[in-house]
1. Among the residues of region B:123-133, is any among the aliphatic types (A, V, I, L, M), surrounded by 21 or more Cβ atoms within 10 Å (Cβ to Cβ) and under 19 Å from residue B:299 (Cβ atoms)?
2. Looking only at region B:313-346, count how many residues are modelled with pLDDT under 90 and assigned to a loop (DSSP other than H, G, I, E, B).
3. Just checking, which of A:240, A:135 is touching a strand residue (DSSP E or B) at 6+ places or on another chain (Cβ under 6 Å), more than 10 Å from every other protein chain (Cβ to nearest Cβ) and farther than 27 Å from residue B:216 by Cβ?
4. Please determine, by comparing only the residues of region B:361-417 that are of a type in the set (Phe, Trp, Tyr) and over 18 Å from the mean Cα position of the chain (by Cα), which one is surrounded by the most Cβ atoms within 10 Å (Cβ to Cβ).
5. I'd like the residue in region C:51-102 that is among the aromatic types (Phe, Trp, Tyr) and buried (at least 18 other Cβ atoms within 10 Å of the Cβ) and, out of all such residues, is farthest from the other protein chains (Cβ to nearest Cβ).
6. I need the full set of residues from region A:200-211 which are touching a Leu at 6+ places or on another chain (Cβ under 9 Å) and facing another protein chain (nearest Cβ under 7 Å), in order please.
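The values are calculated or read from the model by the stated rules, or taken from the named source; none is laboratory data. Just so we're clear, the structure is a prediction, and the values are computed from it rather than from any experiment. Don't worry about glycine lacking a Cβ; one is built from the backbone with ideal geometry, like all the others, and counts go over all protein chains shown.
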Amino acid sequence: MIFLRKLAGLAASLPILVLPTAQAAVPQLTVYTYASFVSEWGPGPLIEQAFEKHCNCDLKFVGLEDGGALLSRLKLEGKRTAADVILGLDTALTGEAEQTGLLQEHNITLGSINLALPWSDLLFVPYDFGYFGFVYDSETLPTPPGSLEELVHDRDGPRIIIQDPRTSTPGLGLLLWMRKVFGTDDQAAWTALAPRIVTVTKGWSEAYGLFLKGEAPMVLSYTTSPAYHRQVEQNNRYQVAMFSEGHYRQVEVAARLSTSSEPQLAQNFLRFLLSDTVQNILPTTNWMLPSVRTGQGLPDAFRDEEVPERMLQFDSLEVRDQRKQWISRWLIALSR
Amino acid sequence: MRLSALWPGGFAVFFLVAVVGGSLLTVVLQFRDSNLVEVLSDTYLHSVIRFTLWQAMLSTLLSVGLALPVARAYARQSHFFGRHTLVMLMGLPVVMPVIVAVLGIVSIYGHNGVINQLLRVTGVAPAFNIYGLSGILLAHVFFNLPLAVRLLLPAWEQIPGESWRLANTLGMSSSQLFRFIEWPSLTSFLPGTLVIIFLLCFTSFAVVLTLGGGPNATTVEVAIYQTLRFDFDPARATLLALIQLALCATIALAMIRWLRALPISQGLQLQTKDRPDCQALTYRIQDAVLIVASTLFIGLPIAAIVVAGLQGPILGVILDPVLWQATGRSLGIALLATSLASLVALGLAMTARRLVLEYRKPQATDIALWVGSLTLAVPPMVIGTGLFLWVLMTDMPQMTTLLLIALVNALMVLPYALRSIAPVLINSGRHYHRLCQQLGLEGWMRFRLIDWPAIRRPVAFAAGLGGALSFGDMGVAALFDTSGAITLPVMLYYRMSAYRFDEAAVTALVLVLISVLVFWLLNRTLGRWPS
Amino acid sequence: MAFLTLEQITFALGDWQLRASVQVPQGHCVALIGASGAGKSTLLSLIAGFETPDRGQILVNDVDISSFAPSQRPVTMMFQEHNLFAHLSLYDNIALGCHPGLKLTATDRDTIDRALAATGLSELSSRRPADVSGGERQRAALARCLCQKRPVLLLDEPFASLDPRLRQQMHELVDQLRRAHGLTVIVVSHLPHEVARIADEVIFMHEGSVKEQGPVDITLGDPQSPELRDYLQFTGGE
């Protein structure tokens, strides 16, 4: 320990290694979130600016790798956590987050807010949501499959790149989607699909990167992905295949912590997340659908036909209890 | 035995045990609810271990097997235009962030890669599929063949000119040269090279998942990540880490024992001009083919990365001050990590030398190299978690984050530093030990006058490689909060996760260029530092 | 009266054992001869301090030096090879004899210059060992031994690889320097008749022990033991 302290002292003398220290005086609100939320292209910087304008506080984002890392961090720190708010868990993880007993009810009357999705959870506030979907390259794949059923059982169907449910959120999303559509026949469905899976990657970035390189005409991503290409790149090439069974929904949520010394400020922040200001920022920075119907509506790049008509989702507690077993089934099916 | 004389190695070992053992212990003590028997009897884990061993073995044999003729070609043709640059570029693949390298490999060898496109257009042969074991092997050879060449080349540099002249007079054929002169010299470099590459392939993660084609291709490292991240079971992850460490330790030991290293002989003149077979046309053609083929194999994916970068929004990316702040931070981490690793390596090597020469424990060299290489088998995620818990328990300031990243990187760099420094230091000791004893050359004086001039070049190479490696590594950076102080690889990753693949391509190019620069600068300045 | 005394030294290396009692008067030159494995180099190593005897004493000028580190002993030694650091110039190599950290005083520089002159290396002092001939390398090593100013000089076949003419020149140089500086010299050689020219005495070792010791002419001219007779048969006479 002494050795590490000495090293820490050494670090202090190296200006390059010193992080900026926060100003005191005003109360500080620490928000744990995932990295891309706070990156310079994400919504973080804009939200911070907008919130600090009125709160007389210092909003500090702590960016971790992804939702999984967020939950790990919370569990590692336990009651010692510095977080006041945790932002960026999705519905596949909320069940486990609840189990930590570190979260506090938000006490926000969600009924008074014009939510775009039904929601009544007492701990978690949904700030945006999206649907998993297969994005395809319209130049190499003029007619994509119209359903998951077709994708799985058409032997001459397009080849796809997916993510690993053991290491990534979309990967887990597809696992749940398949389970929802095929029920206990999920293993047979996976086996039927297997020959057309080019590869299974660690995370979304690897898969999408390979897809953009043309390694497969289709990739597991989000239904909102084409909106990015239209809005930022003015590119209509990449489309999402809408499936008739419906799409698995991912809701991103935030919650405050019972250990927080600023419970009121934390609640204000959660309420602020549902304000029109933040909700208008989210679509074109986080590339997800806003959870509140704002007066402004969605940007032009988002299209109505890319919003699934049917929503599929498991209860988060069921996901928590079944996940391991379902992943084993997936492993067996794909290992054949 | 005067134990006090062994302090440099003692300190190095203490450091390693404290960081590795301490962090593993911290995790186990904090989360002790895992059952070793249950973990060990998990059939899923068994199949994962089988696959890990299988692919690591194949990858190692292929990488080193192919590296031998290539290294020999470079050794035989010691003077041609561009040789220096090509040898330096050999250090590049291993320092590139995995995701960047994989995208580069795919651009050339993938479904839609240059080669398959050519095959489709010309119809010479059917297009091939790299996803699966072949993809894993291809990528591992891409990373490790050049590394093996770099690690093996010194074997030829150790061969004294007298040996070549003798071979010349004896009229030895090329294969006899290999058998009687080159192979004996290689035996002191092969075990370490094999161990390092085996460990790198054993612990490979993103390459195996991405190019492996499906969940059959799962390494223990993947299982550890899964356990830690999605199952959140740190104790189980630590157990898996220990299993991996034990497996790697056993295999590395077996390799070192099996391939007994011969002591290195050193001549005054290190030159190959007297080599009988370096002028013959057949061998010159053969060498040229090997050098060109290996350069293309490695160079094409790198070229693809460069081309992709040049097509991106270059100005927008390089004019962004955040990029240069991140670069600065990454440089700081790289410098710290590589200094730390060099010091630990030096400590281990010094003490190993003392044990070999003064206490007549010849096995000390092997043990030091073994211990130093095993840090590659320690999963950074688990160490990172342990260190994080340390920080948490001792209320250390947040700014230690970057320091911890440097610490974990130092563990990753250590094997290269040790491999480069230890043999030379011990060899120098063999020659000059009695002379130094008699002259009373000890401690700092001996280091400054005798040892430093001998290890200067190896240290420079190790520092260059280590610096570049640490510079390009994302490692555990993502585990800690780096939102306020991101490193360049993290920035690259952020861009990718925000759809900005074109900007990411430019960032990758910047990263690769600076890696080369770091390698070149450290190698040059240190290598020329006067004695 | 003896200057260098080895009193009932024993030293074991596995099954092999060395037993020796030797006395050398000041300023004498002793040729140490014997077959390979007789223990010649080991005996020198014991005197120089690279090995520690299991039993017995090593006295120089009545002082027991058995427990001294090599650099603390009034002894300097030339090895068969690796007498010079390949990366240092001849000058630096020689200067290491004055100060192991190369912190040289004016007196040191004077000593080095004289050693260079005595060995005929003044012109070559800035060259590195690889850039001079084998004879010049060994002369440089000898020059360094001079700078160390130790009364006992041990030579472990340093000239074995030189041609006969050069070897003879080196022997003459050693003889010259011995007389000039009053050195006590022990020289190991495989060629008793060659080294006999500069030696006062001969010590013959066989299988780890001293078989014969005495003046050169008598010992070589009329060997007492069958082992020495046998040995001399194979080394050729004049």
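1. yes
2. The qualifying residues number 2.
3. A:240 is the lone residue from the list that is touching a strand residue (DSSP E or B) at 6+ places or on another chain (Cβ under 6 Å), more than 10 Å from every other protein chain (Cβ to nearest Cβ) and farther than 27 Å from residue B:216 by Cβ.
4. Residue satisfying both the conditions and the ranking: B:388.
5. Of everything passing the filter in region C:51-102, C:91 is farthest from the other protein chains (Cβ to nearest Cβ).
6. Within region A:200-211, A:200, A:201, A:202, A:204, A:206, A:209, A:210 meet the criteria.
Residue-by-condition table, conditions (1) under 14 Å from residue A:137 (Cβ atoms); (2) surrounded by fewer than 23 Cβ atoms within 10 Å (Cβ to Cβ):
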residue	(1), (2)
A:191	no, yes
A:206	no, no
A:232	no, yes
A:236	yes, yes
A:243	no, no
A:247	no, no
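Per-residue answers, yes or no, for (1) in contact with a Phe, Trp or Tyr (Cβ under 7 Å, 6 or more places away or on another chain); (2) within 11 Å of chain A (Cβ to nearest Cβ); (3) surrounded by fewer than 24 Cβ atoms within 10 Å (Cβ to Cβ):
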{"residue": "B:84", "(1), (2), (3)": "no, no, yes"}
{"residue": "B:88", "(1), (2), (3)": "yes, no, yes"}
{"residue": "B:93", "(1), (2), (3)": "yes, no, yes"}
{"residue": "B:103", "(1), (2), (3)": "no, yes, no"}
{"residue": "B:110", "(1), (2), (3)": "no, yes, no"}
{"residue": "B:117", "(1), (2), (3)": "no, yes, yes"}
{"residue": "B:139", "(1), (2), (3)": "no, no, no"}
